[in-house]
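The structure under discussion appears below in the form of structure tokens.
The values are calculated or read from the model by the stated rules, or taken from the named source; none is laboratory data. Quick caveat: nothing in here was measured; it's all calculated off a predicted structure. So basically every Cβ, Gly included, is an ideal-geometry build from the backbone, and we count neighbours across all protein chains shown. Keep in mind that these areas ignore ligands, DNA and RNA; they rest on the heavy atoms of the full protein, side chains included. Shrake-Rupley method; radii C 1.70, N 1.55, O 1.52, S 1.80 Å.
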Amino acid sequence: MLYESRSELPDHVPPSLVVDHDVFTVDAPDGDFAGAMVRLRESDVPALFWTQRNGGHWVATDGEQIRTILVDPERFSSRAMRVPKAANPVPPIIPLMIDPPDHVQYRRLIAPAMTPAKVRKLEGSARALSIGIIEQLEPKGACEFVSEFAQQMPIAIFMGMLDLPASDQPVIMDIVDRIIRPDVPETRMCGFADLVDYTMARVAERRAEPGDDLVSSLAHAKIDGRPLRDDELQGLMFVLLLAGLDTVAAMLTYITCFLAGSSDHRRELQEKPELITEAIEEFLRRMAMVNLTREVNRDTELGGIVLKAGDLIVCPSPLCNFPEDGTDWLAVDFHRPRQVHATFGAGPHYCLGSMLARAEIRIFLEEWLARIPDFAIEEGAQLEVKAGAAVMIPRLPLVWRPRGKTT
Ligand code: HEM
């Protein structure tokens, strides 16, 4: 791996706080990232430790400390969203990588695309697409869930948000495929270049002929009285595709992996559909999967530890959702009182698509369980967990008995 070598230990980091930990190598043969993070915390690592992997950075494992970091953009900047520093996108992804006060000006531009009324409108096409895919898959009795289902719905949502013609779906799917499943790194770069060309061509069209859609409003938006630059437009449109793609796909895959192994939970949701709202919240809490990263803005202290300007801190979001109070938080229980969780982050960058994500999970649970009530992970399948912006199970082969088949 490119950044595998260990960097030198900076002078301000005491050797007692060093742990050999690679955030890109997750020890989760059961496909349970959140469980792996809880195990890491329980393995007696310091609450805040330094790893020399991936350029050298801090890892926060205490839920309270992670929240402190996320809600304090003045001390902890979002200008770096991943480790190592050199791997951060240029130009930045907007508004994710922009700090207050500028951040809110950009956030305001895309928030209107995710109001309850807009989400309801998008739900219709996402539901129709999901039913279509599930009905095609059901008679086959098997599928690779991630590519054949989980990644499809977010693409339909993106297309709906930007009011893109259905005939462009194969083009978008091809670009997305090259970005998320590149054979060589160059394929990914070409995928991004094609995404820039595709989105900027739509901006040019809507500048000439505006409609009632997000691309048109971004094409005509102004910040401080000036129109948006091309790099700003690209950053904003990329976030709409990328923030809602891997995250939703990862969440649907974790949920499916869990349900495949628990007939009791499947049965409960089928017999009591009114539990679905609570189930969505419980799944969101239990299956958190984003490694949030922040850059220290100025020399400061956290829990008695000196942090220097420029240090990066990785904050695994699941660790906010499993308080260390003796409760079995790893168990999935649809009857728990609702818990505050950090699956959608905390502070100024709190996920703008949380309502949309909940709608996508609901559509999946309702439509999949109605048509494929019983399913299992293919025997002998090796599960792995792959860490990118969202940490996900990259392949989930499923099998079930098709309805028409009795033996
Ligand atoms: C289960 C699915 C999802 C999860 C777990 C998730 C998680 C997150 C998290 C943790 C953040 C905060 C990042 C940070 O603080 O650095 C975030 C931000 C964001 N998410 Fe989501 N997300 C999901 C779905 C979506 C969807 C469907 C969209 C819609 C396109 C979306 C759009 C955004 C945007 C635009 C931001 C940036 C907000 C800002 O910087 O102000 N997300 N998401």
>> Looking at the structure I just gave you, is Ile361 open to solvent by less than 20 Å² (accessible area, probe 1.4 Å) and either at pLDDT below 95 or away from the ligand (no atom under 13 Å from the Cβ) (or both)?
In response: no
> Can you name the residue in the range 77-89 that is assigned to a helix (DSSP H, G or I) and of a type outside the set (D, E, K, R) and, of all such residues, is surrounded by the fewest Cβ atoms within 10 Å (Cβ to Cβ)?
Replying inline: Ala86
> Only one of (1) surrounded by fewer than 18 Cβ atoms within 10 Å (Cβ to Cβ); (2) at pLDDT below 90; (3) not in a helix (DSSP H, G or I) fails for Pro92. Which number is that?
Replying inline: (1)
>> I'd like to check something: does the range 160-168 contain any residue that is open to solvent by 50 Å² or more (accessible area, probe 1.4 Å), of a type in the set (Ser, Thr, Tyr) and either touching a strand residue (DSSP E or B) at 6+ places or on another chain (Cβ under 6 Å) or in contact (Cβ under 8 Å) with a residue 24 or more places away in the chain (or both)?
In response: no
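Taking the stated definitions as given, is Ile69 touching a Phe, Trp or Tyr at 6+ places or on another chain (Cβ under 9 Å), in a loop (DSSP other than H, G, I, E, B) and not charged (D, E, K, R)?
On the way: touching a Phe, Trp or Tyr at 6+ places or on another chain (Cβ under 9 Å): yes; in a loop (DSSP other than H, G, I, E, B): no; not charged (D, E, K, R): yes.
Against the criterion (touching a Phe, Trp or Tyr at 6+ places or on another chain (Cβ under 9 Å), in a loop (DSSP other than H, G, I, E, B) and not charged (D, E, K, R)), Ile69 does not qualify.
Within 7 Å of the ligand (Cβ to nearest atom) and either open to solvent by 20 Å² or more (accessible area, probe 1.4 Å) or in a loop (DSSP other than H, G, I, E, B) (or both), is that true of Pro348? Working first, answer last.
Numbers: within 7 Å of the ligand (Cβ to nearest atom): yes; either open to solvent by 20 Å² or more (accessible area, probe 1.4 Å) or in a loop (DSSP other than H, G, I, E, B) (or both): yes.
Answer is yes for this residue.
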> Only one of Arg107, Arg127 is surrounded by fewer than 21 Cβ atoms within 10 Å (Cβ to Cβ), at pLDDT 90 or above and either over 22 Å from Val203 (Cα atoms) or among the hydrophobic types (A, V, I, L, M, F, W, C) (or both); which?
Replying inline: Arg127
>> What's the number of the only condition in (1) of a type outside the set (S, T, N, Q); (2) crowded, with 19+ Cβ neighbours inside 10 Å; (3) under 19 Å from Glu282 (Cβ atoms) that Val385 fails to meet?
In response: (3)
> If Val184 satisfies every condition in (1) open to solvent by 20 Å² or more (accessible area, probe 1.4 Å); (2) of a type in the set (Val, Ile, Thr); (3) at pLDDT 90 or above but one, which is the exception?
Replying inline: (3)
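Please indicate, with yes or no, whether at least one residue in the range 374-394 is of a type outside the set (Asp, Glu), assigned to a strand (DSSP E or B) and modelled with pLDDT of 95 or more. Let's see the steps before the verdict.
Looking only at the range 374-394, we keep the residues that are of a type outside the set (Asp, Glu), and these are 375-377, 380-383, 385-394.
Imposing the further condition that a residue be assigned to a strand (DSSP E or B) reduces the set to 376-377, 386-387, 390-392.
Checking the rest, the ones that are also modelled with pLDDT of 95 or more come to 376-377.
Within the range 374-394, one or more residues are of a type outside the set (Asp, Glu), assigned to a strand (DSSP E or B) and modelled with pLDDT of 95 or more.
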> Restricting attention to the range 315-326, does a residue exist that is part of a strand (DSSP E or B), open to solvent by less than 20 Å² (accessible area, probe 1.4 Å) and modelled with pLDDT of 95 or more?
Replying inline: yes
>> Checking Val119 against (1) of a type in the set (Val, Ile, Thr); (2) open to solvent by 50 Å² or more (accessible area, probe 1.4 Å); (3) farther than 30 Å from Asn54 by Cα: exactly one of these is not met. Which one?
In response: (2)
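Restricting attention to the range 133-144, does a residue exist that is surrounded by 13 or more Cβ atoms within 10 Å (Cβ to Cβ) and within 18 Å of Asp246 (Cβ to Cβ)?
Pass one, the range 133-144, residues surrounded by 13 or more Cβ atoms within 10 Å (Cβ to Cβ): 133-134, 137-138, 141-144.
Pick out the ones that are also within 18 Å of Asp246 (Cβ to Cβ) and you get 144.
Within the range 133-144 (the criterion being surrounded by 13 or more Cβ atoms within 10 Å (Cβ to Cβ) and within 18 Å of Asp246 (Cβ to Cβ)), the answer is yes, since at least one residue qualifies.
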> Within the set of pairs 6+ apart or on separate chains, which have a first residue in the range 292-307 that is farther than 16 Å from Leu17 by Cβ, a second that is part of a strand (DSSP E or B) and among the polar types (S, T, N, Q), and C-beta atoms under 8 Å apart?
Replying inline: Arg294/Ser77; Glu295/Ser77; Asn297/Ser77
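I need a count of the residues in the range 364-373 that are open to solvent by less than 20 Å² (accessible area, probe 1.4 Å) and away from the ligand (no atom under 15 Å from the Cβ). Write out each step before concluding.
Going residue by residue through the range 364-373, those that are open to solvent by less than 20 Å² (accessible area, probe 1.4 Å) are 364-365, 368-369, 372.
Narrowing further to those that are away from the ligand (no atom under 15 Å from the Cβ): 368-369, 372.
The total comes to 3.
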> Does the range 109-122 contain any residue that is more than 10 Å from the ligand (Cβ to nearest atom) and assigned to a loop (DSSP other than H, G, I, E, B)?
Replying inline: yes
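Can we say Leu330 is more than 11 Å from the ligand (Cβ to nearest atom), under 30 Å from Asp99 (Cβ atoms) and in contact (Cβ under 8 Å) with a residue 24 or more places away in the chain? Let's see the steps before the verdict.
Values: more than 11 Å from the ligand (Cβ to nearest atom): yes; under 30 Å from Asp99 (Cβ atoms): no; in contact (Cβ under 8 Å) with a residue 24 or more places away in the chain: yes.
Criteria not met by Leu330.
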